[in-house]
Each structure stands twice: as C-alpha cells, then as structure tokens.
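Student: Handing you this structure, nothing more for now.
The values are calculated or read from the model by the stated rules, or taken from the named source; none is laboratory data. Remember, predicted model here, so these are calculated numbers, not experimental data. Because the Cβ atoms are built from the backbone with ideal geometry, glycine has one as well, and the counts that use them run over all protein chains shown. Side chains included, ligands, DNA and RNA excluded: accessible areas come from the protein's heavy atoms. Shrake-Rupley method; radii C 1.70, N 1.55, O 1.52, S 1.80 Å.
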Amino acid sequence: MSQPVENLDEVLKSHKLSKEEYEDILRILDGRHPNIVEIGIFSAMWSEHCSYKSSKKYLNGFPTKAPWVIQGPGENAGVIDIGDGMAAVFKMESHNHPSYIEPFQGAATGVGGILRDIFTMGARPVANLNALRFGKVRGNDETAKYQRHLVRGVVDGIGSYGNCMGVPTIGGEVSFDESYNGNILVNAFSLGLVKTDEIFLGVASGVGNPVMYVGSKTGRDGLGGAVMSSDSFTEESKSLRPTVQVGDPFTEKLLLEACLELFKTDAIVGIQDMGAAGLTSSSFEMAGKTGAGLRMDLDKVPAREEGMTPYDFMLSESQERMLICAKKGREQEIIDIFEKWELDVAVIGEVTDTARMELFWHGEKVCDMPIAPVSEEAPVLDRPTKRPAYLDEVNAKSVDDFTPIENQEAYEKLLASLEVVDKAWVYNQYDSMVQTNTTKHPGSLDASAIRVKENGKALAMSSDCNPRYCYIDPKGGAALAVVESGRNVAMTGARPLSITDCLNYGNPENPEVMWQFAEGCEGIKEACSALDTPVVSGNVSLYNETNGVSVFPTPAIAMVGLNDDENKVLPSSFQKEGSHIILVGETKGEFGGSLYIKELYGETVGKLPSFDYEKELALWELVIEANKKGLLLSAKDVNLGGIAIALSKMAAVGDKGVFVDFELENARDIFDESQSRALLEVGSIEDLDAVMAMANELGLKAEVIGNVGGKDVKVNEVVMPLDRVKDIYFNTFARTIEQDL
C-alpha cells in the first residue's frame, strides 16, 4: 500500500475535508491513515456534489411514488410508464460552476453528462430542454459585457453538443437577474424513450463477473471537478479552468449507438455513466447498491496522457466514458461491439465478495477500503438554519408604495423586458426538428411536445422557476415552480405526471441560505403531493455564490406530461381571425415578486400571490378535457406581466391582432400575476357555450373578454400596432446580446 500523506492539514484543506470527516475516515479504515488515492476518493464521494451531505436531510420525504412511476430517485434517471409497453426516462442536472469558468465547454459537457444519464438506462434520448439564468446583460459596463459573453458561450456549447448528438433541443427557459452576475446557472434536461422491459440499472453483482471500461481514454481533464462544484466562487476561481471537462460529442454519439447495440444483447448486469468524480463514483455506486466488492487494475484503464497516477485515474472527469458490469464469458462480445464503433474498451477488474474496493497499480495495492461506508455513510449534516433578515423588509412593501405609471408606458417597458421577449437567438442555434418528432417547438409558448411514434401519444415538457417568487417566499416560490411547470404542460392538452428538479441555491454554510433550501424542499413536497406529480429524479447544486453573494433561490422544475393523442397537442398562440377569447380564473391585483415591479421600479418585493391547488387542478382539468372534445383552438397560461403580456405573446406568435376590453378593479391589473389563470381561444358560439358550461361545473370563474383579429394588440386602454409588437417581441433579444459583436 502507498504511504500515508505528509502535510495532512494542507491535503485535507485542498480536498475540502474537515477534521471531523478525517476522524470518520480513520474509523472506517480501522485506525489506518489513508494514502493520497484514498483521500481523493473520500473527498470526491463525500463532496457536496456527490453525497448531498447538506441537502439529504431535506430531500427525504419527497413524494416519489405513483402507479405510473417505474423508477424513482436513486438511479441515473427517473422512469415513468407512458403506456403500450413504453416508458419515458428523464432527469435534470446542473453544470453551473464549469459554465461560469469556461462557458462553451461547461455547457457542452453538461449536455453530454445528462445524455449519458439517459442512455445508460437503455433509453434513446429524444428531447432536451435547458434552464439558463444569467446576470445583467443590458448596458456597456464590464459586468453586462461579460454576461453577454457568457450567454453566447453557453448557448454555443449547448447547441454544438446537442446538435452533434442528433437530439433535438425542443424548449427551455432563459431568465436574467443581477443575483446571477457572479454565478450563472446552467441546468440541462434530457428525456429518452425505452421499452418498459428493457431498462438497465447501474449495479454490479455476481462474483467473478468482469468490470469493463468503455468510451474515451482517460486524461487529466476535470480533475477535482466534483470538489470544485462543491465550493463558492472568489476572484481566483478563473484559475480553476483545468477542473472543467472537455467534451467530444462525436465520440459520445458513437458511445450512444454502441451502448444501444449492447443493450440488445443480454451480456451485461449493469452500466453506469462516469459523471462527477468519474471512475470513483461509478464504481462505488454500482457496487454499493448490491453490497458487492470490486477489484480493479488501474494500469489497465485506457490513458490519454503520459505519466498518469492512480489518483488521476480515479478522479479524472474525462467525458464520454461508461463502466460496465458484464456477465462472465461475454467479454469478447462486448469488446467486438465497442471496437466496431471505434471506442476504447478494456476489462479492468472483477466483482468480488469482499464488499471492499481494492485498487491495484502494476500489481501493487494502492487502495483497500469498505465500499458501503464510503458510498452510503457520507456525513449527513444538520446545518444551522435562520429565516433571512431581508424577508421582513421585502414582504412589507407592495405595488402601492411606488409612484403610479401610465399603463401604456408600463406596457411598452414590460413587452421589451428580456424576461418576456422571444429567445429565437438562443433556440435557432439548436436543432429542434432532428428525429422529426417535435410537434410543439421552441418559441411556440408554454410547454414543448414530441410525438411518441411507438404508440401515437405525445409527451409535453416544460422547465420553470420564478426566482423572484422564491426570493420573497422560498417555500411558496418553489411550490409555484411546480405549479407553473404543470400548468404549462396542461395548456398543451397533456396531463402532468412527474417532475425532475435542479435545486440551485447559495452557500449552505450560511444559515439563511440553508433556511431557503429547507423551505424550498417543503414547497416542492407540498405541491407535488397536492398535484399528484411525484419527483422521479433530480439534482442539488449548492455554493452558487461569489464573494459572499448568493444567487436567488432557484429550484428549477421540469414537468413531463402525457397526451393520449399526438394529433391533439394544443397550440398556445392565436389560430383564427374572429375567434373568441375566454379568461379563466380570478384577477386579484397581485403584484408580489412581479415583473411589473422589477421592470418599472427595479425591485423584487411584496408578498407572494395566493394560490389554491384545487383551483389549479380544476384549470388543468378544464383545458385537458375541453381539448379532448376539440373545443379549443389554443390555450396559454397567464404569468409574467399578466394578461396584457400573455395576450401580446399569443398575438405575436400567431401573427394575429387582438381586441380585448373587460372590467378590472384597478386599471394596472392587466399586468398583475394572480395564479391559476389561462386564456382560451374558442372558435364557434357552440364551443364557447360548452367551455363556459364546463368551467362553471368545475367551479372556475370564466368570462369572454374579446376577440382575435385586426392589425393592433388592444388590451383595455393599452394599444400597439401588431407589427410593432412583433418587432419588439422577436428582435429585442438579438439586438441586446449581439451589441458588442
């Protein structure tokens, strides 16, 4: 065995291990001091990124079961039943820190990693989404210029990787707030399809079964990536560029096809992606799930660089690699498949009955430790929590504390908000139509959708979170992220089924941040239980702060729903001149955390809009059932910027004017953000009567507020020519992001 390390204090500090954790390590190793390889393994496995040590306490209790859930959290991705022997496999992951340090590669490898999570389960990826948060991009100061550089780099990285893989990016969200100036968020979602009886899991079992390495060679890129992602940013963080992995989508495309060919055989027991912490996490997780032991010869791992050490091999985060537990005697079959696809493949070890990880380097044992304590007994921290001091101040303010602004002026500012305008500059860099199954594409508003060729159904998906809501009310804002993503899916006519999440928060060592996180988890639990949309997979990203300033709490939620008929995916933009517009739901004059206050007055204040899960479910039911009966031409939820902005989006995307006139308690309420509301477009009077009757039966307020048609967008006293609305809506974003080019 290699010698215990010298300069222990320095080594522990550089590996982000505490003295208490080192005491735990000594206990696990029966009093023996670990060598550098073993310290590296503990450091990675017990990092925040891999062990969830700060968050695990609050993740317990998430609703994870339903009749349609096949696989909940704990695997590479979640799986739900979509009927006819088919399943959808999906997950969301963060790549925040790498994307801030090196935007192109950080974002590209985020896409690569989430795709591997999907196809490692046996599924072919068929749709990607992303949820992106940037800081201030308007202006000529250094911050705005750098943020525009980050937007361009991240979008380029996502597009180049997804496009090379032949997986359509069908939607997502992009939002902006100064809280992300020092720490952008890049969350990637992928969904794949698989037959329900062909799902593979990340397990290693069967004494004597070979452990095989497949994919790219291992280099030193990404060394320390999991540990780097478990720390805050400072001015020195740009020196961490070497910890960002480098992606190769062409190799990953070969790996995808080779794995899918492999899955048609019955030659393997389990397979695991080498993601964060590389060979360490994949081997410990596969063996940890079954209680097996592993013996691996690290000198047999295909290497890309000279002079690599056992430490390098275990902690490298080189991309496009998988670990396989094969059936004994089937090795050559597997080797033939991967060599056919021109990929590296090697038998590097075998399953044992010791329940220990034994690593060898040219015959010398360099690591010997029990697997279960390392993979299962990472410290679960009970960090102090404290309600943030800022909440009293921001909750005490309301829209009435600000000087009133004329509705026409307010409308023009809101319409041009980067939160509102179309992001074609982003999604036009993504191939959204490859595989030819996209039925509701980026830019078409609300959720996106793909058809499932195998059963004639459609899957709708939407990623949502309003960080302003989460800032003024961490619990309610997180609940509303679930509600909003579900509502968007329902607006396409699909029934929301399950979520995956990406919980992005600041530094957990700050008690106020930990309180925000704990409250956010409670909000998600409450909403998922009330709406019957369990959590099937997810990710936690902490330490999103720079120089002591944390991002707004941002629990991004991606909802997946099922439409029984691929031909009945409901549009969200106006379809027909002369049709009628119904507003469903109550407008209560609620502006807490609203875009209105943020854009007009530059603040994020107020109390969260009230919401009622029963009313929300009734709204979903109305749209889903009315769509099944063919009564609706389009449907769009009302959210940022209220009724006026929702109607403007429907008009711009549908290229049709709109005339709306209806009574409100306060004229500015055309911009309010009351929840559980939608705008429905209906063609005939008969259909109108039928929808109104259905709404009444469900206990929902519904009123006819106007018609589609004409050359203007007119909402009460606010009016703008349709051509101008379209110019602002479709061209503002590109003008902003490209201003330095």
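Student: Can you tell me which residue among Ser610, Ser573 is within 30 Å of Asp712 (Cβ to Cβ) and hydroxyl-bearing (Ser, Thr, Tyr)? It would help to see each step written out before you state the result.
Tutor: Numbers: Ser610 fails: within 30 Å of Asp712 (Cβ to Cβ).
Among Ser610, Ser573, only Ser573 is within 30 Å of Asp712 (Cβ to Cβ) and hydroxyl-bearing (Ser, Thr, Tyr).
Student: Taking the range 315-324 as the region of interest, how many residues are open to solvent by 10 Å² or more (accessible area, probe 1.4 Å) and either assigned to a strand (DSSP E or B) or at pLDDT 95 or above (or both)?
Tutor: Matching residues across the range 315-324 total 0.
Student: Any residue that is at pLDDT 95 or above, open to solvent by 20 Å² or more (accessible area, probe 1.4 Å), farther than 26 Å from Ile114 by Cβ and touching a Pro at 6+ places or on another chain (Cβ under 6 Å) - is there at least one of those in the range 544-562?
Tutor: No, the range 544-562 contains no residue that is at pLDDT 95 or above, open to solvent by 20 Å² or more (accessible area, probe 1.4 Å), farther than 26 Å from Ile114 by Cβ and touching a Pro at 6+ places or on another chain (Cβ under 6 Å).
Results for (1) at pLDDT 95 or above; (2) open to solvent by 40 Å² or more (accessible area, probe 1.4 Å); (3) not charged (D, E, K, R), shown as yes or no for each residue.
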residue: Phe574; (1), (2), (3): yes, no, yes
residue: His580; (1), (2), (3): yes, no, yes
residue: Leu583; (1), (2), (3): yes, no, yes
residue: Gly589; (1), (2), (3): yes, no, yes
residue: Ile597; (1), (2), (3): yes, no, yes
residue: Tyr601; (1), (2), (3): yes, yes, yes
residue: Val605; (1), (2), (3): yes, no, yes
residue: Glu614; (1), (2), (3): yes, yes, no
residue: Leu619; (1), (2), (3): yes, no, yes
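Student: It is to be established whether one or more residues within the range 686-697 are more than 25 Å from Ile405 (Cα to Cα), among the β-branched types (Val, Ile, Thr) and open to solvent by 20 Å² or more (accessible area, probe 1.4 Å).
Tutor: Checked against the condition, which is being more than 25 Å from Ile405 (Cα to Cα), among the β-branched types (Val, Ile, Thr) and open to solvent by 20 Å² or more (accessible area, probe 1.4 Å), the range 686-697 yields no hits at all.
Student: Now a separate question. Restrict the check to the range 621-630 and report whether at least one residue is open to solvent by 20 Å² or more (accessible area, probe 1.4 Å), over 22 Å from Asn666 (Cβ atoms) and part of a loop (DSSP other than H, G, I, E, B).
Tutor: Initial filter on the range 621-630 (open to solvent by 20 Å² or more (accessible area, probe 1.4 Å)): 621, 625, 628-630.
When the remaining residues are screened for being over 22 Å from Asn666 (Cβ atoms), the result is 621, 625, 628-630.
Next cut, part of a loop (DSSP other than H, G, I, E, B) only: 629-630.
So far as the range 621-630 goes, yes, one or more of its residues are open to solvent by 20 Å² or more (accessible area, probe 1.4 Å), over 22 Å from Asn666 (Cβ atoms) and part of a loop (DSSP other than H, G, I, E, B).
Student: How about the range 138-159: which of its residues are open to solvent by 50 Å² or more (accessible area, probe 1.4 Å) and either under 21 Å from the mean Cα position of the chain (by Cα) or free of Cβ contacts under 8 Å to residues at least 12 places away in the same chain (or both)?
Tutor: Taking the range 138-159 as the starting set, the residues that turn out to be open to solvent by 50 Å² or more (accessible area, probe 1.4 Å) are 138, 140-143, 145-146, 149, 152, 156.
Asn140, Asp141, Glu142, Tyr146, Arg152, Asp156, listed by residue number.
Student: Could I ask something else about it? List the pairs whose first member sits in the range 586-606 and is of a type in the set (D, E, K, R), whose second member is not in a loop (DSSP other than H, G, I, E, B), and whose Cβ atoms are under 6 Å apart, counting only residues at least 6 apart or on separate chains?
Tutor: Final answer for the pair search is Glu599/Lys413; Glu599/Leu414; Glu603/Ile597.
Student: Would you check if Ala690 is in contact (Cβ under 8 Å) with a residue 24 or more places away in the chain and either under 24 Å from Val725 (Cα atoms) or in contact with a helix residue (DSSP H, G or I) (Cβ under 7 Å, 6 or more places away or on another chain) (or both)?
Tutor: Working: in contact (Cβ under 8 Å) with a residue 24 or more places away in the chain: yes; either under 24 Å from Val725 (Cα atoms) or in contact with a helix residue (DSSP H, G or I) (Cβ under 7 Å, 6 or more places away or on another chain) (or both): no.
Spelling it out, it is not the case that Ala690 is in contact (Cβ under 8 Å) with a residue 24 or more places away in the chain and either under 24 Å from Val725 (Cα atoms) or in contact with a helix residue (DSSP H, G or I) (Cβ under 7 Å, 6 or more places away or on another chain) (or both).
Student: Only one of Gly523, Gly506 is closer than 23 Å to Tyr180 by Cβ, in contact with a Pro (Cβ under 9 Å, 6 or more places away or on another chain), not hydrophobic (A, V, I, L, M, F, W, C) and not in a loop (DSSP other than H, G, I, E, B); which?
Tutor: Values: Gly506 fails: not in a loop (DSSP other than H, G, I, E, B).
Only one candidate qualifies: Gly523.
Student: Now for a separate question. Looking at the range 485-508, can you tell me whether even one residue there is under 21 Å from Glu625 (Cα atoms), touching a helix residue (DSSP H, G or I) at 6+ places or on another chain (Cβ under 9 Å), of a type in the set (Asp, Glu) and in contact (Cβ under 8 Å) with a residue 60 or more places away in the chain? Break it down stepwise before answering.
Tutor: Applying the first criterion (under 21 Å from Glu625 (Cα atoms)) to the range 485-508 yields 485-498.
The next check asks that each one be touching a helix residue (DSSP H, G or I) at 6+ places or on another chain (Cβ under 9 Å); those that pass are 486-487, 489-498.
So of that shortlist, the ones also of a type in the set (Asp, Glu) come out as none.
Checked the range 485-508: no residue is under 21 Å from Glu625 (Cα atoms), touching a helix residue (DSSP H, G or I) at 6+ places or on another chain (Cβ under 9 Å), of a type in the set (Asp, Glu) and in contact (Cβ under 8 Å) with a residue 60 or more places away in the chain.
Student: Does any residue of the range 131-140 turn out to be closer than 15 Å to Asp273 by Cβ and not acidic (Asp, Glu)? So that I can check it myself, show each step before the final result.
Tutor: Here is the first cut: in the range 131-140, the residues closer than 15 Å to Asp273 by Cβ are none.
No; the residues of the range 131-140 include none that is closer than 15 Å to Asp273 by Cβ and not acidic (Asp, Glu).
For (1) over 25 Å from Gly157 (Cβ atoms); (2) touching a Cys at 6+ places or on another chain (Cβ under 8 Å); (3) small (Gly, Ala, Ser); (4) open to solvent by 10 Å² or more (accessible area, probe 1.4 Å), each residue gets a yes or a no:
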| site | (1), (2), (3), (4) |
| --- | --- |
| Glu454 | yes, no, no, yes |
| Ala458 | yes, no, yes, no |
| Cys465 | no, no, no, yes |
| Asp473 | yes, no, no, yes |
| Ala479 | yes, no, yes, no |
| Asn507 | yes, no, no, yes |
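Student: Would you confirm, using the coordinates I've provided, whether Asp299 is modelled with pLDDT of 95 or more, open to solvent by 40 Å² or more (accessible area, probe 1.4 Å) and either of a type in the set (Val, Ile, Thr) or not in a strand (DSSP E or B) (or both)? Don't jump to the end; show me each part of the working.
Tutor: Values: modelled with pLDDT of 95 or more: yes; open to solvent by 40 Å² or more (accessible area, probe 1.4 Å): yes; either of a type in the set (Val, Ile, Thr) or not in a strand (DSSP E or B) (or both): yes.
It is true that Asp299 is modelled with pLDDT of 95 or more, open to solvent by 40 Å² or more (accessible area, probe 1.4 Å) and either of a type in the set (Val, Ile, Thr) or not in a strand (DSSP E or B) (or both).
Student: Could you list all residues from the range 325-346 that are under 15 Å from Gly270 (Cβ atoms) and open to solvent by less than 30 Å² (accessible area, probe 1.4 Å)?
Tutor: Within the range 325-346, Cys325, Ala326, Ile334 meet the criteria.
Student: Can you spot a residue in the range 108-121 that is touching a Cys at 6+ places or on another chain (Cβ under 8 Å) and either in contact (Cβ under 8 Å) with a residue 24 or more places away in the chain or closer than 13 Å to Leu185 by Cα (or both)? Before you say what the answer is, go through the steps one by one.
Tutor: The first filter runs over the range 108-121 and keeps only residues touching a Cys at 6+ places or on another chain (Cβ under 8 Å), leaving 119-120.
Filter once more, keeping what is either in contact (Cβ under 8 Å) with a residue 24 or more places away in the chain or closer than 13 Å to Leu185 by Cα (or both): 119-120.
Yes, the conditions are met somewhere in the range 108-121.
Student: With the condition kept exactly as written, say whether any residue in the range 643-657 is charged (D, E, K, R), in contact with a strand residue (DSSP E or B) (Cβ under 6 Å, 6 or more places away or on another chain), buried (at least 24 other Cβ atoms within 10 Å of the Cβ) and in contact (Cβ under 8 Å) with a residue 24 or more places away in the chain. Talk me through it step by step, then tell me what you get.
Tutor: Our first condition is that a residue be charged (D, E, K, R); within the range 643-657, this holds for 649, 655-656.
From what is left, the residues that are in contact with a strand residue (DSSP E or B) (Cβ under 6 Å, 6 or more places away or on another chain) are 656.
Adding the requirement that they be buried (at least 24 other Cβ atoms within 10 Å of the Cβ) leaves none.
Taking every residue of the range 643-657 in turn, none turns out to be charged (D, E, K, R), in contact with a strand residue (DSSP E or B) (Cβ under 6 Å, 6 or more places away or on another chain), buried (at least 24 other Cβ atoms within 10 Å of the Cβ) and in contact (Cβ under 8 Å) with a residue 24 or more places away in the chain.
Student: Restricting the first residue to the range 379-396 and requiring it to be under 22 Å from Val605 (Cα atoms) and open to solvent by less than 70 Å² (accessible area, probe 1.4 Å), which pairs with a second residue that is hydroxyl-bearing (Ser, Thr, Tyr) and in a loop (DSSP other than H, G, I, E, B) meet a Cβ separation below 7 Å and a spacing of at least six or different chains?
Tutor: Partner pairs satisfying both residue conditions: Val394/Thr604.
Student: All but one of (1) within 25 Å of the chain's Cα centre (by Cα); (2) aromatic (Phe, Trp, Tyr); (3) under 20 Å from Met720 (Cα atoms) hold for Phe659; which doesn't?
Tutor: Only one criterion is unmet by Phe659, namely (1).
Student: Right, another one. What are the residues in the range 532-543 that are open to solvent by less than 10 Å² (accessible area, probe 1.4 Å) and within 26 Å of Glu621 (Cβ to Cβ), if any?
Tutor: Of everything in the range 532-543, those that are open to solvent by less than 10 Å² (accessible area, probe 1.4 Å) and within 26 Å of Glu621 (Cβ to Cβ) turn out to be Thr533, Pro534, Val535, Val536.
Student: Further question: Name the pairs whose Cβ atoms lie under 9 Å apart, with the first residue in the range 262-283 and closer than 19 Å to Gly349 by Cα, the second basic (Lys, Arg) and part of a strand (DSSP E or B), and 6 or more positions between them or separate chains?
Tutor: Short answer, once both residue conditions are applied: Asp273/Arg321; Met274/Arg321; Gly278/Arg321; Leu279/Arg321; Ser282/Arg321.
Student: Restricting attention to the range 170-204, report how many residues are among the β-branched types (Val, Ile, Thr), open to solvent by 10 Å² or more (accessible area, probe 1.4 Å) and either under 29 Å from Gln71 (Cα atoms) or modelled with pLDDT under 95 (or both).
Tutor: Of the residues in the range 170-204, the ones among the β-branched types (Val, Ile, Thr) are 170, 174, 184, 186, 194, 196, 199, 203.
Add one more test, that the residue is open to solvent by 10 Å² or more (accessible area, probe 1.4 Å), and what stays is 174, 196, 199, 203.
The next check asks that each one be either under 29 Å from Gln71 (Cα atoms) or modelled with pLDDT under 95 (or both); those that pass are 196, 199, 203.
Qualifying residue count for the region: 3.
Student: What are the pairs, 6+ residues apart or on separate chains, where a residue within the range 614-640 that is under 11 Å from Glu681 (Cα atoms) has its Cβ under 7 Å from a residue that is polar (S, T, N, Q)?
Tutor: Leu633/Gln575; Leu633/Ser579; Ser634/Ser572; Ser634/Ser573; Ser634/Gln575; Ala635/Ser572; Lys636/Ser572
Student: Which pairs have Cβ atoms under 8 Å, sit 6 or more apart or on different chains, and link a residue in the range 420-449 that is open to solvent by less than 20 Å² (accessible area, probe 1.4 Å) to one that is in a loop (DSSP other than H, G, I, E, B) and aliphatic (A, V, I, L, M)?
Tutor: Close Cβ pairs (under 8 Å, with a partner that is in a loop (DSSP other than H, G, I, E, B) and aliphatic (A, V, I, L, M)) amount to Val420/Leu640; Lys440/Ala447; Lys440/Val569; Ala447/Met491; Ala447/Ala494; Ala449/Ala494; Ala449/Val569.
Student: May I pose another question? Considering only helices (runs of 4 or more DSSP H) fully contained in the range 353-444, which possess at least 1 residues that are farther than 30 Å from Ala127 by Cα and modelled with pLDDT under 90? Break it down into steps so the answer makes sense when it comes.
Tutor: Values: elements: 371-376, 390-396, 407-415, 424-427.
Of the helices (runs of 4 or more DSSP H) lying wholly inside the range 353-444, those with at least 1 residues that are farther than 30 Å from Ala127 by Cα and modelled with pLDDT under 90 span 371-376.
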